[in-house]
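The values are calculated or read from the model by the stated rules, or taken from the named source; none is laboratory data. Remember, it's a predicted structure, so these values are computed and weren't measured experimentally. Note: ideal-geometry Cβ built from the backbone for every residue, glycine included; neighbour counts use all protein chains shown.
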Amino acid sequence: MSNVLLEMRHITKEFSGVKALDDVNLTVKEGEIHALCGENGAGKSTLMNVLSGVYPHGTYLGEILLDGKECKFHDIKASENQGIVIIHQELALSPYLSIAENVFIGNEQTKVSGVIDWNKTRAHSADLLKKVGLEHENVNTRIMDIGVGKQQLVEIAKALSKKVKLLILDEPTAALNDEESNKLLILLKKLQSEGITSIMISHKLNEISRIADVITVIRDGKLIETIQRDTEPVNEDRIIKGMVGRELVNRYPDRESNIGEVVFEVRNWNVYHPLEANRKVINNVNINVRKGEVVGLAGLMGAGRTELAMSIFGRSYGQKITGSIFKDGKEINVHTITHAVDNGLAYVTEDRKTYGLILIDDVKRNMTLSSLDSFSNKFGVLNKNEEILAAEEYKKKINVKANSIEQVVGSLSGGNQQKVVLAKWILTHPDVLIMDEPTRGIDVGAKYEIYCVINQLVAEGKSIIIISSEMPEILGMADRVYVVNEGEIAGELSKKDATQESIMKCIMSHQKEVK
Amino acid sequence: MGVNEQKIKKNSLQGADLRQYGMMIALIVIFVMFSIATQGKLFYPDNFNNLIMQNSYIVILACGMLLCILTGNVDLSVGSVVAFVGSVSAVVMVDYKMPAWVAIIAGLAIGALVGCFQGFFIAFMQIPAFIVTLADMLIFRGLTMVVLTGRTVGPFSDALYNKIANAYLPTYFVRFGTSTVEFDMISLIVGITAAVLVIIMEIRNRSIKRKYSFFVTPAIQSIVKIAVIIIVANIFTYKLARSSGLPIILLILVLIIVIYSFITQNTVAGRHIYALGGNAKAAMLSGINTTKVMFFVYFSMGIMCAVAGIVLSSRNGAATPKAGDSFELDAIAACYIGGASTTGGVGTVIGAVVGALIMGVLNMGMSLLGVPVEWQKVIKGTVLLGAVSVDLISKRRSGN
């Protein structure tokens, strides 16, 4: 381990004025496994996208040196030609094609130009599969018929087919179970011994401390520290401190908590994956919310919080759901979304464009979509004037910046779209609102306004469950925090005990427990 | 992202309204053009009568089809179902010697059953609508031939059935002064009554808006809009008054158009259809029972097929195995010409009706000019492609 393979110098990347990366330096030596740690949104993926050419040369400041030579990648293909291959969290595989076809996708083995050489394709892919420990797989199996763990290995085989020098893995074990993760880590070690350098982005500190030679910690787009395993001890606490150690500024409006009785309770909740009937996604979850309380669900991406929320909300996720839901002490039936809405439940989705809004429709009609019954007579005839009145009222109340209530929501900014979704659910007069990533991808000002709406709702005696990957947001808003990990409740923390460190520790110790 | 959002902005419902007005203007332009080309023949009173009579089934089908298109789907089985309903009604009357009302009820029941059948597969089994209706296109064409055993079944002895598509409302002809032509007073009175109703409704609408202190469009805008509607409607009734009076079928058409317009624009059910077409996932997560909505849409299409089937067989005085051939394409074309979006969520009933009338005027004008049938098809196809292309390209331009 000697030569420097990659050097990224003074990388700065801005998105419309916001610095996602601020003067970051990264040095990777040949043959090492380099871990990149940081919170969601810290800039890890951005850094790797700069490296792999997703953001072409010229859209960032700074320089990239590979083997001492400067590289100016204009696209992913250019970086792949230099032996840099990135494997994204969402795998780039075509589900209906075979393993062999996927290994050589975009890089097809041909005889004459354009004609696929099937013998070569199958033979070469079989060789590659052997290298990644999939020698028992038939190369003709369709990708969709093998598990996520094996799919990940196929991705690596695909990278190997491109003569990879530097392999970048973005959260490679996020979707894998422990056995599969273990296999993958062993494979990375093996590839290392064959001279392949890797950069691994991961939240799982136990995995990092197990295989990484060097750990780089990034926070808020800045390099915090680089820990060399051979010179200093690797300690999870130290990494956590580096990842989260920021002072909280007052980005959250104050609130007088006035918490009452338990209003909403979920007991012994179990959910299985909608496609894989044997995969348990939510395991024996018990949570409750009191009147006027904001409860946070903290956890890492993929911890199962959205799955939990959607399965509660009219069983809109998963299958073989068992457990019971109580409201005001009585068990309620929320088997369908209509039942859930009728029982005073609301779910503000994390993906407002796909699941929250009719983008081609206007502000008014989006706002009233879930509460049309209150704007119509018993024959289902709408009173459009009352509808306009309500839409105008909420546009003013939560400050939706639109030209008029007739503006199409697809043309609004993210923050204003989110406010429309919120208005839609507030108009149903819910008692319990589940908000999934309510401030994802919106600016600080709009965030503050949404926090104010949340405070107002709880002041009116409503109960709120808030899911967020931004820990400061959970800590700033929640009266009580449930830590979710691997589909289970890893712990419950009061506002007083909840800190970024305590939440991280809770997750880490739960991960060890699961092992 | 920016460009995309711009596009969406231009794709607003307001845009759809403009497009609709554009098509109304196109309808008038085409009408005037053919009137000139045929030296005024198109303007003969009897041709107004024919325009309604010949296109009634397409207008009926376009209303039902619009709902399917709003969900982002189509119904390809329409022509076959029309033939099937006609054949069942005909066989009930001719072979089983039943009275007309039994045949009508039987026809409507068949339509309802077909609607349920399609709705079951599309909404509950979630089989793509394209495939279900493609299959039904074959199934019901085949069943039509089975029911008719290859014959043409007719004529119908029951006058009631024949009247549906061929008879007129009671008339009261009057000769004015020394004029040689007679006018049906009833047609004229209906036209004037409709005009008064339109004016009263607009005044009422404006006063309600004022009461809510909403923005009220300038009076001149309302007056122009109403004036155009009243003039066009009264030209129609005037021409019909000089012909044979108001056809019964016109009454059925107006009723269907009003009901479908009302459902789509003023009811919760209508709003749910638009929401489903705009974003099915979001609609579902907003608490809309998308399965029910989808079922209702195809059920309504079945009923409209039944009405069209009865009207067609009544007009032809017989049921034939080839009846209703390619009606589905005319109905779909009418909706698209009238401003409906192929991806769903955008379109209006009035637009679809205007689209159907454009096709109708084209058909009649070309027939009067003696354009051969084969070329008529070429021209109709070109108009469909041209209308939608011009519309989409202009939208994309303004979008960028």
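Got a number for residues in region A:342-366 being under 14 Å from B:Gly278 (Cβ atoms), touching a residue at least 12 places away in the same chain (Cβ under 8 Å) and not charged (D, E, K, R)?
7
Restricting to region A:432-471, and then to whatever is part of a strand (DSSP E or B) and of a type in the set (A, V, I, L, M), can you tell me which residue is nearest to the other protein chains (Cβ to nearest Cβ)?
That would be A:Ile434.
Return only the number of the condition from (1) buried (at least 24 other Cβ atoms within 10 Å of the Cβ); (2) under 26 Å from B:Leu253 (Cα atoms) that B:Ala269 does not satisfy.
Going through the list (1) buried (at least 24 other Cβ atoms within 10 Å of the Cβ); (2) under 26 Å from B:Leu253 (Cα atoms), B:Ala269 breaks only (1).
Please give the strands (runs of 3 or more DSSP E) falling wholly within region A:278-329 in which 1 or more residues are away from every other protein chain (no Cβ under 14 Å), surrounded by fewer than 22 Cβ atoms within 10 Å (Cβ to Cβ) and among the aliphatic types (A, V, I, L, M).
Per the criteria, A:280-290, A:319-327.
Any idea which of (1) surrounded by 15 or more Cβ atoms within 10 Å (Cβ to Cβ); (2) under 30 Å from B:Met284 (Cα atoms) is the one B:Asp158 doesn't satisfy?
(2)
Looking only at region A:111-158, filter to residues that are surrounded by 13 or more Cβ atoms within 10 Å (Cβ to Cβ) and among the polar types (S, T, N, Q); which one of those is farthest from the chain's Cα centre (by Cα)?
A:Thr121
Restricting the search to region A:398-410, which residues are in contact (Cβ under 8 Å) with a residue 12 or more places away in the chain and surrounded by fewer than 20 Cβ atoms within 10 Å (Cβ to Cβ)?
Within region A:398-410, A:Ile398, A:Asn399, A:Lys401, A:Ser404, A:Glu406 meet the criteria.
Kindly state which helices (runs of 4 or more DSSP H) lie completely within region B:272-371 and contain at least 3 residues that are surrounded by fewer than 24 Cβ atoms within 10 Å (Cβ to Cβ) and at pLDDT 95 or above.
B:290-316
Within region A:408-431, work out how many residues are in a helix (DSSP H, G or I) and within 12 Å of chain B (Cβ to nearest Cβ).
Total meeting the criteria: 10.
So which residues in region A:372-407 are assigned to a helix (DSSP H, G or I) and more than 9 Å from chain B (Cβ to nearest Cβ), if there are any at all?
Residues satisfying the conditions are A:Ser374, A:Glu387, A:Ala390, A:Ala391, A:Glu393, A:Tyr394, A:Lys395, A:Lys396, A:Lys397.
Would you say A:Val341 is out of contact with any Ser or Thr (no Cβ under 7 Å at 6 or more places or on another chain) and closer than 20 Å to A:Gln418 by Cβ?
No; evaluated as a whole, the condition is false for this residue.
So for region A:161-175 (the condition being of a type in the set (S, T, N, Q), over 23 Å from the mean Cα position of the chain (by Cα) and either at pLDDT below 85 or not in a loop (DSSP other than H, G, I, E, B) (or both)), does at least one residue qualify?
Among the residues of region A:161-175, at least one is of a type in the set (S, T, N, Q), over 23 Å from the mean Cα position of the chain (by Cα) and either at pLDDT below 85 or not in a loop (DSSP other than H, G, I, E, B) (or both), which makes the answer yes.
Please state which one of B:Ile131, B:Ile127 is in the same structural domain as B:Phe48 (by TED's automatic domain parsing) and assigned to a helix (DSSP H, G or I).
Every option except B:Ile131 fails the conditions.
Got at least one residue in region A:452-468 being under 22 Å from the mean Cα position of the chain (by Cα) and surrounded by fewer than 20 Cβ atoms within 10 Å (Cβ to Cβ)?
No, because not a single residue in region A:452-468 is under 22 Å from the mean Cα position of the chain (by Cα) and surrounded by fewer than 20 Cβ atoms within 10 Å (Cβ to Cβ).
For the list (1) in a loop (DSSP other than H, G, I, E, B); (2) touching a residue at least 12 places away in the same chain (Cβ under 8 Å), I need the number of the one condition that B:Val85 fails.
Evaluating B:Val85 over (1) in a loop (DSSP other than H, G, I, E, B); (2) touching a residue at least 12 places away in the same chain (Cβ under 8 Å) leaves (1) as the failure.
Out of B:Ile263, B:Ile229, which single residue is part of a helix (DSSP H, G or I) and modelled with pLDDT of 90 or more?
None of the others qualify; the one that does is B:Ile263.
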